[in-house]
Amino acid sequence: MPWRKAWINPKDHDQDELRNLLERRAYEVWISEIMLQQTRVAVVIDYWNRWMEKWPTIHDLAAASADDVLSAWRGLGYYSRATRIHEAAKLVVNDPTMKGSLPSCTQDLEAKVPGVGRYTAGAISAIVFGRAAPMVDGNVLRVLSRQLGLFGNAKTNKVVIDTLWAAADALVKAIARDGTEVQNDEDVETSDRPGRWGQALMELGSTICVPKPNCSECPVTSTCRAYAEGKILVSNKDRDTKIADIEDMCDLCEPFEEAAGSDDTDVKVEVAKTAKKAKANEGKSKQMTLSAFAFKGPNEDKPSTTKAAVSTSPRDMETIVDHARKFPLKVIKKAVREEETLVCVIRRGDGQYLIQKRPEKGLLAGLWEFPSYMLQDLKEGNTPAKRRSKALAYVSKLAGEHGGKASKPKYVEELGSVPWLFSHIKLTMHVHFFTLEDGNLTDTKSLESSRLRWATSEAVDEESMGTGMRKCWALVKDQE
């Protein structure tokens, strides 16, 4: 993978050679980072290797067809990523300034390359070009939340997220300056340090500082606020501790008293949702007290700033881990919306199937599927008989709209139901099988206007479909 390759030092190459090398490496890192969004590394590796064999440069990708790009993405999910990559590649190649080379600074990457957000921009800028740019994914947000002791919503609270990004930015700039006499960040030379630092933080968050952290193996406990607070909880657990009123101490953290003293290691705090509640809390501190780990005065014992020289007992370490794992704030997830759809597989006498292309925007944009009808009246009851009736009415209407003989489609059976979970939708697809006499649904212009076409079984196999729809197709093939 591209992040394991040696950094390209500008001093080692002439201008033309350097441009070609950086263009290729930036393209490789860009593709890998987009693939890694919502997808595990182990899954991405094979996809990335096949992608690079097919389109080794951004120019090759820009010249590819949209269907080929979607086909190469099949199985990775979140197909809009592939569409955005393809459109962005064409834009970068055709831009008179970029001419196929991605920009080196984060601001230009975000502004000029569609689909590139600040994380991907930071990764490209730091790993490829050696600039001091922060790389903050979900793992890094968790690491920094614990390092800072910031008990806030790191998923949707913009103030909390921006604070953690600012910390990441300060850290990577300090790493870039370390060992030099340069004071101005703009004067720091590019190097491999920002990229290595960013990747190290992500590695720490994915291997040690995981949701339930392995604090005993962590190399940075000496700077970790959550760890220090956990140690104080251990030292104070057998004695009464006077609660200090530190109302004005922090206006970023959520109320923590219950979480600090609870044995429940999966504390969930629901963030206020209404403007009324937000206004009522305006100007007030959210973290009223830190209770057991509060410093009560200048003479109070403070946590060590270095890793403890003596070993911590397993029981005490469990207390520390239980405290650290509360960071960042765990927010109650919204219930996913439940939907049901009738997937109508229509086969005509010559063995071809009717398929339809989805709109170019929205869920599963541009992918092929069998004609489908979304059920609207789930609350009124959803029985096999009702599904059959609605599926037959839908297919009959479809046949009447697109020309041909007036014979009705023949309903065969409901082949089964396929559950599929998207990030925000729990979808159940009921697969209904129909046969149709030759001569029906033959108005080519009418079909094309509705993004419909007939395809052989082999052609359906090769089309770009969502994984859920592919499972529906598998039910059909089992009946052939």
Exercise. Is there any pair with a first residue in the range 349-371 that is over 17 Å from residue 458 (Cα atoms) and a second that is polar (S, T, N, Q) whose Cβ atoms are under 7 Å apart and which are 6 or more apart or on different chains, and what are they?
Worked result: 365/80; 365/83; 366/83; 371/356
Problem set entry | Where a residue in the range 452-466 is part of a helix (DSSP H, G or I) and its partner, wherever it lies, is surrounded by 14 or more Cβ atoms within 10 Å (Cβ to Cβ), with Cβ under 6 Å and at least six apart | 460/353
Seminar exercise, completed: Taking first residues from the range 323-344 that are surrounded by fewer than 22 Cβ atoms within 10 Å (Cβ to Cβ) and second residues anywhere that are hydroxyl-bearing (Ser, Thr, Tyr), the pairs with Cβ under 6 Å that are 6 or more apart or on different chains are 325/265; 340/428; 341/372
Problem set entry | Tabulated pairs, the range 217-230, first over 18 Å from residue 253 (Cβ atoms), second charged (D, E, K, R) and modelled with pLDDT under 95, C-beta under 6 angstrom, 6+ apart or interchain | 221/307; 222/307
Exercise. Listed residues 74, 19, 50; which is buried (at least 18 other Cβ atoms within 10 Å of the Cβ), of a type in the set (Lys, Arg) and not assigned by TED's automatic domain parsing to the domain that holds residue 422?
Worked result: 74
For this session: Go through (1) at pLDDT 95 or above; (2) within 18 Å of residue 363 (Cβ to Cβ) one by one and return the number of the condition residue 62 breaks.
Result: (2)
Problem set entry | Test: residue in the range 143-160 that is more than 19 Å from residue 33 (Cβ to Cβ), without any contact (Cβ under 8 Å) to a residue 40 or more places away in the chain and surrounded by fewer than 19 Cβ atoms within 10 Å (Cβ to Cβ) | yes
Seminar exercise, completed: Screening 413, 360 for residues that are over 15 Å from residue 340 (Cβ atoms), under 39 Å from the mean Cα position of the chain (by Cα), charged (D, E, K, R) and modelled with pLDDT of 85 or more leaves only 413
For this session: Sort out which residues of the range 363-384 are at pLDDT below 90 and of a type in the set (Gly, Ala, Ser), and write them in order of number.
Result: 365, 366, 381
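Only one residue in 76, 91 is farther than 21 Å from residue 331 by Cβ and without any contact (Cβ under 8 Å) to a residue 24 or more places away in the chain. Which one?
It is 91.
Against the condition farther than 21 Å from residue 127 by Cα, surrounded by 19 or more Cβ atoms within 10 Å (Cβ to Cβ) and not assigned by TED's automatic domain parsing to the domain that holds residue 356, how does residue 59 come out, does it pass?
no
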Exercise. Taking the stated definitions as given, is residue 140 of a type in the set (A, V, I, L, M, F, W, C), in the same structural domain as residue 28 (by TED's automatic domain parsing) and surrounded by fewer than 24 Cβ atoms within 10 Å (Cβ to Cβ)?
Worked result: no
For this session: Return the residue satisfying two criteria in turn: it lies in the range 82-111 and is touching a Gly at 6+ places or on another chain (Cβ under 7 Å) and within 24 Å of residue 424 (Cβ to Cβ), and of such residues it is modelled with the highest pLDDT.
Result: 85
For this session: Determine if the range 105-113 includes at least one residue that is farther than 18 Å from residue 176 by Cα and in a loop (DSSP other than H, G, I, E, B).
Result: yes
Exercise. What pairs can you find where one residue is in the range 95-111 and assigned by TED's automatic domain parsing to the domain that holds residue 135, the other is of a type in the set (Asp, Glu) and outside any loop (DSSP other than H, G, I, E, B), and their Cβ atoms are less than 8 Å apart, with a gap of 6+ or different chains?
Worked result: 100/23; 101/23; 102/23
For this session: Answer yes if at least one residue in the range 355-366 is surrounded by fewer than 20 Cβ atoms within 10 Å (Cβ to Cβ), under 30 Å from residue 252 (Cα atoms) and hydrophobic (A, V, I, L, M, F, W, C), and no otherwise.
Result: no
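Of all residues in the range 306-328, how many are out of contact with any helix residue (DSSP H, G or I) (no Cβ under 6 Å at 6 or more places or on another chain) and modelled with pLDDT under 90? Step through it out loud before you land on a result.
Our first condition is that a residue be out of contact with any helix residue (DSSP H, G or I) (no Cβ under 6 Å at 6 or more places or on another chain); within the range 306-328, this holds for 308-315, 318, 322, 325.
Okay, now just the ones that are also modelled with pLDDT under 90, so 308-315.
Summing the residues that are out of contact with any helix residue (DSSP H, G or I) (no Cβ under 6 Å at 6 or more places or on another chain) and modelled with pLDDT under 90 in the range 306-328 gives 8.
The values are calculated or read from the model by the stated rules, or taken from the named source; none is laboratory data. Just so you know, these numbers come straight off a predicted model, no measurement behind them. Methodologically, a virtual Cβ is constructed for each residue, glycine included, from the backbone with ideal geometry; neighbour enumeration extends over all protein chains shown.
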